[in-house]
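One structure below.
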Amino acid sequence: MTGTGWQPVRKTRTFEDVLAQVERRIAEDGLTAGDRLPAERQLAEQLGVSRSSVREAMRVLETLGVVSSQVGRGPDAGAVLVSKPDAALTDLLRLHLGLASLEPREVIDTRLMIERWAAARAALTGPDVSALAEAIAGMDRAASPEEFVEHDTAFHCALAEASGNRLIAAIMRSLRDSLRRYAVEAVVRLGDTSGLQTDHRRILRAILDGDPDQTTEAVTDHLARAYPGFCGE
């Protein structure tokens, strides 16, 4: 740092400039899911960069769930813009949990906050609850902890989706996928899942009754039962 208060400008790698260009086009030109970016060669020529830089940028965007790369010629060439934010969030959360840079308590606290809001919102808006009912039926039929958790995940993701907020739903799917191992361990520890099912039916009933306070309380009690070492303390 110099004495003037200015700091040296960080030199960017070329592929980062390509990413910035794509981001600018999305923001300024209204590109949306389903739109196709120019083919690799064409994009490289338009941006004045190497094809390898474009290829590296596309790999980053594909990892982030922003594009789906396709091999083709003519009008079928070029990556297609998609919208899969939860896939990228899930991968990042799982990695950080594995590296212990995020504690399970932090993730569970975040999940509790999101689910309480989503459930209360759903109770106020009166959404379609068929996915919640189907998930409960699936848990009733489950023959193993893993199968139970599969339907339990569907229930809680459907609860987030019932809020009508797509970002909340994407974050919830990421949190649930990252906590899958802990969820299976919780079911094994409890042994009897009847209490969890009572909780699920209580949440569903509160939504049907249009009672946001009851849904909030039901979600809080449910997560405290599933994760007694993390909730309710």
According to the square roots a ≥ b ≥ c of the eigenvalues of the Cα gyration tensor, what is the shape class of the stretch 93-141, taking rounded for a/c under 1.5, prolate for a/b larger than b/c otherwise, and oblate for the remainder?
oblate
Degrees separating the helix 166-178 axis from the principal Cα axis of the chain, which is the longest one:
80
Farthest toward the dipole's positive end in the stretch 121-233, which of Tyr227, Ile136, Tyr182, given Cβ charges of +1 (Lys, Arg) and -1 (Asp, Glu) about the Cα centre?
Tyr182
Between 0 and 90°, nearest 10: helix 212-226 axis offset from the chain longest Cα axis:
90
As a test of the formula, what do you get for the chain when each DSSP H run with n ≥ 4 contributes -39,500 (n - 2.57) and the sum is divided by the residue count, at 222 nm and rounded to the nearest 500 deg cm²/dmol?
-21500 deg cm²/dmol
Segment Arg13-Ala137, length gained on full extension (0.36 nm per residue, minus Cα span):
39.4 nm
Along the three principal axes, how long is the stretch 129-212 when you take its alpha carbons, biggest first, rounded to the nearest angstrom?
32, 26, 18
Dimensionless Rg/Rh of the stretch 171-233, both radii on Cα and Rh by Kirkwood, sits at 0.99
Calculate how steeply helix 85-98 sits against the longest principal axis of the alpha-carbon atoms of the chain, using the helix alpha-carbon long axis, and give the answer as 0 to 90 degrees to the nearest 10.
70
Between Rg and the Kirkwood Rh of the stretch 21-65, both from Cα atoms, what is the Rg to Rh ratio?
0.95
Working only with C-alpha atoms, what are the Rg and Dmax values of the chain, expressed in angstrom?
22.4, 70
Give the residue from Leu19, Thr216, Ser163 lying farthest towards the positive end of the charge dipole for the chain; charges sit on Cβ (+1 for Lys and Arg, -1 for Asp and Glu) and the dipole is referred to the Cα centre.
Leu19
7 Å from Cα along Cα→Cβ at both Gln46 and Ala27: what's the point-to-point distance in nm?
1.8
Just to confirm, what accessible area per residue do you get for the chain at 1.4 Å probe, in whole Å²?
58
Which peptide among 203-214, 35-46 comes first, and what is the full order, when sorted by highest mean count of other Cβ atoms within 10 Å?
203-214, 35-46
Amide H neighbours of Val82 under 5 Å, at least 5 residues apart or on other chains, H built in the peptide plane: list them.
Gly34, Val67, Ser68
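The values are calculated or read from the model by the stated rules, or taken from the named source; none is laboratory data. Quick caveat, the model's predicted, so the values are computed rather than measured. Glycine also receives a Cβ, built like all others from the backbone with ideal geometry; neighbour counts cover every protein chain displayed. For the accessible areas, the whole protein counts, side chains as well, though only heavy atoms, and no ligand, DNA or RNA atoms are used. Shrake-Rupley method; radii C 1.70, N 1.55, O 1.52, S 1.80 Å.
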